[in-house]
Structure formats: structure tokens, C-alpha cells
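Quick notes on the structure that follows.
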Amino acid sequence: THGPDELNPRTFVGKKGRAKKLVRGLGHLRLRDVTSDELRTYVASRRKKASGGTIGNEIKVLKSAWRWGQEEGRQFTAGLEIKWPRVLATPVREKVTPTREQVQRVLAAMEPGWARDILTCQSILGCRIRALGRLPAGDVDLRHGTVRLKCKGHDRTIRVPVEVLDILRPHVESSTGQDTVWPVSETTACRVGDEQPARVSRLTGAVRPRSGPLVLACEAAKVPRFTTHGLRRLVSNEWIAAGVNIAAYVRVLGHSPEEALKAYAAVTPEDEDSAFAKARSLQTAENVVVLAGRRS
């Protein structure tokens, strides 16, 4: 229903991959003959191999294609209303948001180099790792202290702290002829915090686990493993707690206030205790004013 020119390249590839899974599972049917029973059977069979989130995304692709057929007058399932199965996505693992002290310990456990530099920049800016991993040298203006970040349709130029410029400067100055600031491919830079697939030795057949630099640093620093998105949540929480200008928050971090409160903001027991304490202090202050008015 969408061409490669209408979507982000990675989004198009993702939708194309989901469509291939659908063809394997429902290839015996024409799109116009899809029924609710067939969909339930498909979901049940896919649950053995895929997560709820993956299956739900595949159903969304099929639903979009089916609606396109209706709009084009193909008379898909004429006279039959499909009941699209609702597949709940369950988190594979708990989202860990590190503390600032834990992040400092992890960065200290890493060897000097591009991996530590890119993670340090992210721990300050809070941007997505893809925006930094794909950062061209020409998008860093050392003279004016700005960086142009591009990711998920959010294209913006922001002013960055001096410590970020100091980290980027040597990489920018030595990046002649490179596609990105970093001396590695953009794919490698974007996967700096991922748990990579294990590799099988051709000689011995032994399985060698491959972990990203961030995973290894968390183990070395004895810190609960977190991802690069955990750094993003940390910065988001710090900005919310500091009460920064909301327009600056949206511009730098690249998401809406609604998304920040729904998906990023973490509430600790200390935050809850502080909220009740502030509410009590306000109630006490109001009662004092009321009593003073009665006395007068």
C-alpha cells in the first residue's frame, strides 16, 4: 500500500519483511478471501515462534492491505465483517533506566575510543542512538556549537554543550572521506549497545557470544544491564525533574511531552513520597490562611 518513496527506508523494509511472513502463513488464501477464523489460526500458529508485538505488527500490515483493497473497489470479503484479532504485546524484558552514578561507572569501565565517546554524547544529549550513529561530519558545526540531528522524521539543529563539542571535534577533524563522524559504519555505531547474535567458530564449532561494548561495560562495572534507550530515558527524566522549558525539551529530545510522560518518565518511590509531602505542605498552608481569616 506504500512505496519506498512514501516511507522512511527502514520503515519500508520492516513492513516488507512482515508482509513476507504473512505470505508464508496465509499464502494459500487470496486477500479477498481472508476470514476471522483464518486470522485466529494464523495468530495461534505464529505464537510458537514470535512475540505478541511482532504478530500484532503483521496483523496491522494485513489490515492496511485489506482496507486498501476495499478502497480500490476489490470487494474484499463482500458482506462479511472481519473481526481483527487483538494481539497484546508483552515486554521481553524489563526496561532498565540507570542512575547517573551507574552511567558514570559504566563509561569509566570502557576503553577510550569511539564507543565510549558516542555513549557519553548520548548520556548528555538524550537523543536516539541512530541520530548520533548516522551523524555526518558536515552536520557538526564546531564554530557555532551546533549539531544537526536526523531520526524518525525529526530533523533539527540544536546547540550542544561544550563537552559534547570537545568529544566530537577530533572525530570530525579526522573524518575526511567517511560517511559518518565515527570511524566505523553507521550500522556498527547504531548497535553499540545491542546484544549481538552469537558466532559459531568454523574451526572448532564452538559458540562464541558477541556482546556490544555497552553490554560488556555493564558487566565489568557490575551494573544492571541497560540499553542505549535507557540513557535516553535517564536524560528525559532528569529534564522533567529539573522543570526545563518544554519547548527546549521537545526540540532537543525529539519527542512530544505526551510521549515523554507516557513512555519515558519513570516514577520512583521517592518521587511519590515527595509528591505527597508537597501536597501536605500546600494543604497545611491553606489551612493556616483559613484559620487566620477566621480569627480576624
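No value in this document is a laboratory result; all are computed from the given coordinates. Keep in mind that what you see is a predicted model, and the values were worked out from it rather than measured. Heads up, the Cβs are rebuilt from the backbone with ideal geometry, glycines too, and the neighbour counts pull from every protein chain shown.
General observations
- In sequence order, calculated HN-Hα J values of the stretch 126-141 (Karplus, 6.51, -1.76, 1.60; Hz; x Gly/Pro): x, 7, 5, 5, 5, 5, 7, x, 9, 5, x, 4, x, 8, 10, 9
- Interchain or long-range residues, amide H under 5 Å from T227's placed H: V96
- Over 32 Å between alpha carbons, listed pairs K60/K222; K222/K278; K150/K278; K16/K262; K16/K222: K60/K222; K222/K278; K150/K278; K16/K222
- A straight Cα-to-Cα reach below 13 Å connects K83 with the aspartates and glutamates D37, E38, residues fewer than 8 places away in its own chain not being considered.
- Length-normalised contact order of the stretch 122-162 in % [C-alpha pairs under 8 Å, at least 6 apart]: 30
- FRET E, pair T176, I246, Förster distance 45 Å, beta-carbon r, rounded to 0.05: 0.70
- On full extension, the segment bounded by S36 and K48 gains 2.4 nm, given 0.36 nm per residue less the C-alpha separation.
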